[in-house]
Structure formats: C-alpha cells, structure tokens
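The values are calculated or read from the model by the stated rules, or taken from the named source; none is laboratory data. Treat the numbers as computed from the prediction; the structure is a model and nothing was measured. Neighbour counts are summed over all protein chains in view; Cβ atoms, including those assigned to glycine, are modelled from backbone coordinates with ideal geometry.
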Amino acid sequence: MDEERLRKLSRFVENARTQLADVERTLDGIEEIIEAERAHTAAQNRDARRQLSTGETHRVVIIDPPSDDGSSAYTQIDGIATFVAPQGMALDTGDTVRIKLVDIGETYAHAVATERVDDS
C-alpha cells in the first residue's frame, strides 16, 4: 500500500473513533434519561394518594403504639407510613384494629382507630 492510502485509512479510522465516542456519549445520555424516567414513574407509583383514598377502612396491625403523650400509633398500609389516632383505645404493638383513613399525603396517611379486631 502506498503512503497516501495509509494516511487516508488512518484518518478514516480516527474519524470513525471520534464518531463512535460521540455515539457512546449520546447513548449514555439516553440511558440517564431512561433511568430518571423510571425513577420518576416508580416515585409516582409510590405516591400514597394514588394507592389510598380518604374514607377507606383497613384492618391493620399496630407496629408502634402511641407514646404517653397520646400521639398517634404507627402502622403501614402497603408500605405507606400510616399514623393512627387511638380515639381513646389503648393500642399496643401487635394489636389488630380497623382504621378509617382521614388524610392522605404523598408519603403518608392519617387514620382514626374505629374498632379493635379479635384475631381468635
């Protein structure tokens, strides 16, 4: 091969490498956009307001009882933090109660205890 053809071939290879690097950067950017969109969709799907409705009743097990100051007990509904106003009930860890949802935020729900459920 003559010297001129080798130079042309060398330039072609260098241009191809540059174009390949540009394509790889573009693909990396697209992958970042896809991942961000997946994370956004997952966050929307976790939005408690999409999963729960005010007025719904649920049977739950108390995870953390209210503290001595009468604050809310804690439980979860499908992984959503739910704070339960005892409504005069003495609630302990492991108690099963029926609750009514009264307020739902993006990442939490507030409810009132309506009755103790007998597990027997």
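Table for the structure above
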{"read-out": "Asp22 being of a type in the set (Asp, Glu) and either within 30 Å of Val97 (Cβ to Cβ) or surrounded by 11 or more Cβ atoms within 10 Å (Cβ to Cβ) (or both)", "value": "no"}
{"read-out": "Search result, residues across the range 22-81 that are under 24 Å from Asp92 (Cα atoms) and under 18 Å from the mean Cα position of the chain (by Cα)", "value": "Thr75, Gln76, Ile77, Asp78, Gly79, Ile80, Ala81"}
{"read-out": "Residue within the range 37-53 that is surrounded by fewer than 17 Cβ atoms within 10 Å (Cβ to Cβ), modelled with pLDDT under 95, among the polar types (S, T, N, Q) and in a loop (DSSP other than H, G, I, E, B) present", "value": "no"}
{"read-out": "Checking Ile34 against (1) surrounded by fewer than 10 Cβ atoms within 10 Å (Cβ to Cβ); (2) aliphatic (A, V, I, L, M); (3) over 28 Å from Ala111 (Cβ atoms), the condition it does not meet", "value": "(1)"}
{"read-out": "Qualifying residue in the range 9-25 (condition: among the basic types (Lys, Arg) and closer than 30 Å to Thr107 by Cβ)", "value": "no"}
{"read-out": "Some residue of the range 84-91 being loosely packed, with under 10 Cβ neighbours inside 10 Å, under 21 Å from Val117 (Cα atoms) and without any contact (Cβ under 8 Å) to a residue 40 or more places away in the chain", "value": "yes"}
{"read-out": "Subset of the range 54-87 [among the charged types (D, E, K, R) and part of a strand (DSSP E or B)]", "value": "Arg59, Asp64"}
{"read-out": "Subset of the range 92-120 [part of a strand (DSSP E or B) and without any contact (Cβ under 8 Å) to a residue 24 or more places away in the chain]", "value": "Glu115"}
{"read-out": "Single unsatisfied condition, Pro66 versus (1) surrounded by 13 or more Cβ atoms within 10 Å (Cβ to Cβ); (2) at pLDDT 95 or above", "value": "(2)"}
